[in-house]
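Working notes for the structure below.
Read-outs: derived from the displayed coordinates by stated rules, not from any lab. Since we're looking at a predicted model, the values are computed, not measured. Glycine also receives a Cβ, built like all others from the backbone with ideal geometry; neighbour counts cover every protein chain displayed.
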Ligand SMILES: Cc1ncc(COP(=O)(O)O)c(C=O)c1O
Ligand SMILES: [Zn+2]
């Protein structure tokens with residue numbers, strides 16, 4: 001049996017939405033203090049809808065795959081929906097992750113939340 | 001496929017497999033039985049004991065067979081501790097980068113009231129004999145220092161350690177699991193009192209190993225039962241496995257010179273190639289290391305994703321990354337030699353097989369370069385390093 005599901009390996013080998021958005025409306029970077037994985041999310045938002053999303057990840061297979069899956073799940077979604085994304089939903093969409101790897105999918109949820117908070121903060125400042 | 005994880009385990013040799021099958025077929029008896037097929041199994045067992053003893057310069061009666069390296073480590077350390085307690089000595093010296101079979105046994109003893117000093121391992125992956133000598137106390141009963149490290153391959157100054165221990169009359173155990181069959185080991189010349197070995201690290205079967213204990217050392221049993229192994233390790237002997245181990249150890253020890261010559265050339269070619277990757281570093285001393293071991297850290301990437309992508313390219317390797325450990329902490333070995341968490345996260349161990357070719361080495365260099373570059377291309381840490389927002393460590 002392989003360590004990861006086919007879906008995880010697909011998203012790991014061909015990550016979607018990799019990169020940077022230079023003029024992002026919200027940027028979030030989170031790290032796992034324990035294992036050391038780091039994830040950075042960039043959001044482009046128009047009329048409260050996520051028009052584009054990119055990520056960068058320093059981490060293991062499950063961290064990269066869950067970043068990729070999470071970006072796919074929120075792209076085109078209203079901000080209010082994206083706020084509701086959970087690590088459980090990301091892991092399920094990947095056909096599951098090994099138990100000891102769940103913390104890596106938490107990073108994806110946290111990175112998106114952090115980018116959305118950054119967006120809200122910038123909105124208030126303007 | 002290039003199998004470059006020989007420190008994890010090795011493929012069994014043809015001869016070891018043949019020995020194993022032939023013993024299973026023809027010498028299936030219980031060595032404790034008095035009839036012919038039992039007595040023949042006994043002969044196989046005792047011949048194996050002679051062969052194994054000869055491989056390390058010991059006497060046959062100084063060898064007991066175990067289920068592998070872990071059991072041998074446990075038994076040696078518990079023995080040293082119990083013998084010490086009889087004399088009121090309950091201090092043990094070891095090093096910070098031992099295998100968990102050693103470290104966890106020491107933890108257990110600490111809970112029982114023993115005191116343990118873990119010597120620092122310097123940046124070169126070596127302990128300092130003078131620091132060992134300084135750490136020895138009146139109540140020190142055991143020194144346990146590994147012969148060669150399983151992750152970074154560094155070879156400890158065992159002969160000097162043996163000499164210091166003998167001088168201070170302290171028992172000296174060494175976990176030689178990574179050394180036997182790969183570099184010359186002689187328990188007399190090295191003044192070793194106890195030594196652990198495991199067959200699957202030198203093309204023998206898994207689940208078999210041996211413990212050498214110098215004549216006169218009264219071993220403490222871990223397993224109680226029948227009178228096998230001179231009453232020191234109960235249980236019907238794994239005769240096919242033990243015979244195969246003997247075949248493997250003879251073969252490996254006889255080929256050390258030939259293999260080492262070839263492997264060192266391949267190892268150094270690989271090291272030179274990987275050094276070309278910017279912001280990378282070899283872990284452990286460049287020459288005081290096992291002929292097969294290459295271990296690098298690459299800044300800005302994580303080890304598990306490196307391994308998965310190398311696997312896609314047909315290369316089997318290992319890493320000390322926190323994400324491969326299951327425990328969230330990066331390798332204690334890399335931390336012990338002073339690698340910080342982020343850097344240890346991006347480690348790669350390639351442990352070569354004796355049949356590795358120059359072409360394979362070049363393919364590994366090319367593949368690692370590609371994968372490191374790719375992973376750095378979307379690593380937020382690498383971006384910060386390149387942008388100068390973070391200081392490069394390597
Ligand atoms: C240095 C060292 N000690 C002990 C062991 C444990 O050996 P075994 O797997 O035979 O129990 C290993 C191998 O994993 C090792 O590399
Ligand atoms: Zn991870």
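Some observations on this one:
- Just so you know, the averaged projected area of the alpha carbon convex hull for the range B:70-119 sits at 3.0 nm².
- Fraction of beta bridges assigned by DSSP in the protein assembly as shown that are antiparallel (%, nearest 5): 65
- Each listed q (0.10, 0.11, 0.12 Å⁻¹) maps to a log10 I(q)/I(0) for the protein assembly as shown, found by the Debye formula over equal Cα scatterers with no solvent: -0.85, -0.97, -1.08.
- Gained length - residue B:128 relative to residue B:189, 0.36 nm times residue gap less alpha-carbon distance: 20.0 nm
- Calculated over the range B:256-387: convex hull of Cα atoms, volume per residue (Å³): 107
- Average Cα contact separation per residue, chain B, under 8 Å, 6 or more apart, as relative contact order %: 21
- Contact order relative to length of the range B:90-248, as percent, for alpha carbon pairs under 8 angstrom and 6 or more apart: 16
- Working note: Cα atoms of chain A, range along each principal axis, descending, whole Å: 52, 28, 24.
- Per residue of chain B, the DSSP helices (runs of n ≥ 4 H) give a summed -39500 (n - 2.57) that works out to -13000 deg cm²/dmol at 222 nm.
- Shape category assigned to the range B:325-378 from the gyration tensor of Cα positions, a/c cut at 1.5: oblate
- Cα pair count fraction exceeding 11 Å, expressed as % - the range A:12-51: 71
- Put simply, the range B:1-134 fits an ellipsoid with semi-axes of 36, 22, 13 Å; these come from the alpha carbon gyration tensor as the roots of five times its eigenvalues, largest first.
- For the range B:83-124 versus the range B:1-68, the spacing of their alpha-carbon centroids is 31 Å.
- Distance from the alpha carbon centroid of the range B:339-374 to that of the range A:1-28 works out to 24 angstrom.
- Sorted by Cβ neighbour density within 10 Å, fewest at the top, the residues A:9, B:1: B:1, A:9
- Rg/Rh for the range B:93-133, where both radii come from Cα atoms and Rh is the Kirkwood radius: 1.01
- Span from the the range A:45-104 Cα centroid across to the the range B:154-223 one, whole angstrom: 51
- Relative to the globular-protein estimate of 2.2 N^0.38 Å, the Cα radius of gyration of the range B:55-182 stands at 1.00.
- Using the alpha-carbon positions of chain B, Rg (one decimal) and Dmax (whole number) come out as 21.9, 78 Å.
- Length-normalised contact order of chain A in % [C-alpha pairs under 8 Å, at least 6 apart]: 31
- For the peptide B:324-331, the mean number of other protein chain Cβ atoms found within 10 angstrom of a residue's Cβ is 3.
- Counting DSSP beta bridges with both ends in the range B:14-254, the antiparallel % (nearest 5): 40
- Tilt relative to chain B, helix B:158-167 - C-alpha long axis, 0 to 90 degrees, to 10: 50
- Antiparallel bridge percentage (DSSP; both residues within the range B:94-206; nearest 5): 10
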